[in-house]
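What follows is a single structure, written as structure tokens, with notes after it.
The values are calculated or read from the model by the stated rules, or taken from the named source; none is laboratory data. Please read these numbers as outputs of a predicted model, since none were measured by experiment. Cβ coordinates were reconstructed from backbone atoms using ideal geometry, including for glycine residues, and neighbour counts include every protein chain displayed. Heads up: the accessible areas ignore ligands, DNA and RNA and are worked out on the full protein's heavy atoms, side chains in. Shrake-Rupley method; radii C 1.70, N 1.55, O 1.52, S 1.80 Å.
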Amino acid sequence: MSDFPNLPPEFAGKRVLGTKKAAAFVGLSGREWERRRAAGETPTPVQLGTRKLGYTIESLVTWIEARKEKVAA
């Protein structure tokens, strides 16, 4: 994520990560992320191309926070 070190804070959460980087961001392997995506257990992806998906950092953080709430309950 160091490609844009001076990105303004209001845009930082809008940044889109590819599938591999999104998986790494949340601490999962690419294979596990794909398994969960196929099961409908990941945030809704952004269609970047015909075969390329991405995820906003905001959606990933929201997804992580929701999972933390489930564990705490």
* To do: Restrict the check to segment 24-35 and report whether at least one residue is modelled with pLDDT of 95 or more, more than 9 Å from the chain's Cα centre (by Cα) and open to solvent by 90 Å² or more (accessible area, probe 1.4 Å).
  => yes
* Scanning for something touching a strand residue (DSSP E or B) at 6+ places or on another chain (Cβ under 9 Å) and hydroxyl-bearing (Ser, Thr, Tyr), does segment 16-35 turn up at least one residue? -> yes
* To do: Would you tally the residues in segment 53-73 being out of contact with any helix residue (DSSP H, G or I) (no Cβ under 8 Å at 6 or more places or on another chain) and either surrounded by fewer than 17 Cβ atoms within 10 Å (Cβ to Cβ) or of a type in the set (D, E, K, R) (or both)?
  => 12
* Say whether the condition of being touching a Leu at 6+ places or on another chain (Cβ under 7 Å), in contact (Cβ under 8 Å) with a residue 40 or more places away in the chain and within 20 Å of Glu10 (Cβ to Cβ) is met by at least one residue in segment 45-59. => yes
* **Subset tally (residues that are touching a strand residue (DSSP E or B) at 6+ places or on another chain (Cβ under 7 Å) and either open to solvent by 100 Å² or more (accessible area, probe 1.4 Å) or over 14 Å from Trp63 (Cβ atoms) (or both)) for segment 1-14** => 1
* **Residue tally, condition open to solvent by 70 Å² or more (accessible area, probe 1.4 Å) and either of a type in the set (Gly, Ala, Ser) or in a helix (DSSP H, G or I) (or both), over segment 36-48** => 2
* **So Lys21, is it in contact (Cβ under 8 Å) with a residue 40 or more places away in the chain and either part of a strand (DSSP E or B) or open to solvent by 50 Å² or more (accessible area, probe 1.4 Å) (or both)** => no
